[in-house]
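The values are calculated or read from the model by the stated rules, or taken from the named source; none is laboratory data. Keep in mind that what you see is a predicted model, and the values were worked out from it rather than measured. Positions of Cβ are generated from backbone atoms using ideal geometry, with glycine treated the same way; all protein chains shown enter the neighbour counts.
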Amino acid sequence: MSLQANKKLVAEFIEAMRTSDTDRLAALITQDFSWWIIGKPAYLATAGEHDTEFFLNFFQGSSLFPDGAAFAPTSMIAEGDKVAAEAEFRAKTASGTMYENAYHFLFVIEDGRVKRMKEYMDTHHAKVVFGL
């Protein structure tokens, strides 16, 4: 795939995460997809290495943000089979708390699908808002 096609794939992937579209997410990942989140699991329950099943289950339903979420890439750089993307997230949780976080992702693309996603964000804010 071209670098532009890889960036388009990542933008589509982030949009599918925003809308919790697990059918679309499943179609955009490889069989051996992996998701890594920065942090220590002893501090943040979602930190560490995760497989496809964990990833898709994480995005099941949208009850966490009943009014929807604003989540979009703000910049992307592509090289070879990798895309680095910065994104901003903003939404009101079901409990009425605002969740606002900045993300940096590193995506590895294989045969037109996402093979690996590494996620960097403010783990303290996530822990405070969600109690993870």
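Taking region 15-25 as the range and being more than 13 Å from the chain's Cα centre (by Cα) and surrounded by 14 or more Cβ atoms within 10 Å (Cβ to Cβ) as the test, only Arg24 passes. Listed by first and then second residue, the pairs with beta-carbon distance under 7 Å, at least 6 apart or on different chains, first residue in region 39-64 and closer than 16 Å to Ala16 by Cα, second β-branched (Val, Ile, Thr) and in a loop (DSSP other than H, G, I, E, B), are Leu64/Thr93.
Please specify each residue of region 21-42 satisfying the condition of being in contact with a helix residue (DSSP H, G or I) (Cβ under 7 Å, 6 or more places away or on another chain) and under 20 Å from Asp122 (Cα atoms). Within region 21-42, Trp35, Ile38, Gly39 qualify. Among the residues of region 43-59, those that are touching a helix residue (DSSP H, G or I) at 6+ places or on another chain (Cβ under 6 Å) and farther than 16 Å from Tyr120 by Cβ comprise Leu56, Phe59.
Within region 38-55, the residues that satisfy the criterion of being crowded, with 16+ Cβ neighbours inside 10 Å and either assigned to a strand (DSSP E or B) or not β-branched (Val, Ile, Thr) (or both) are Gly39, Leu44, Ala47, His50, Phe55. Applying the criterion of being assigned to a helix (DSSP H, G or I) and in contact with a Gly (Cβ under 8 Å, 6 or more places away or on another chain) to the residues of region 1-17, the residue that is farthest from Ala69 (Cα to Cα) is Ala5. Listed by position, the strands (runs of 3 or more DSSP E) enclosed by region 59-131 that each have at least 1 residues that are over 24 Å from Ala5 (Cβ atoms), among the basic types (Lys, Arg) and at pLDDT 95 or above are 82-92.
Could you check region 18-37 and list, in sequence order, the residues that are among the acidic types (Asp, Glu) and part of a helix (DSSP H, G or I)?
Asp23
Residues in region 41-58 that are of a type in the set (Ser, Thr, Tyr) and at pLDDT below 95: Tyr43, Thr46. Among residues of region 85-103 that are acidic (Asp, Glu), those with a beta-carbon under 6 Å from a residue that is surrounded by fewer than 16 Cβ atoms within 10 Å (Cβ to Cβ) at least six positions away or on a different chain give the pairs Glu86/Thr74; Glu86/Ser75; Glu86/His104; Glu88/Thr74; Glu88/Ala102; Glu100/Arg90. The single condition among (1) exposed (fewer than 14 other Cβ atoms within 10 Å of the Cβ); (2) more than 17 Å from Ile14 (Cβ to Cβ) that Lys127 does not meet is (1).
Over 19 Å from Phe130 (Cβ atoms) and surrounded by 12 or more Cβ atoms within 10 Å (Cβ to Cβ): does that describe Leu106?
yes
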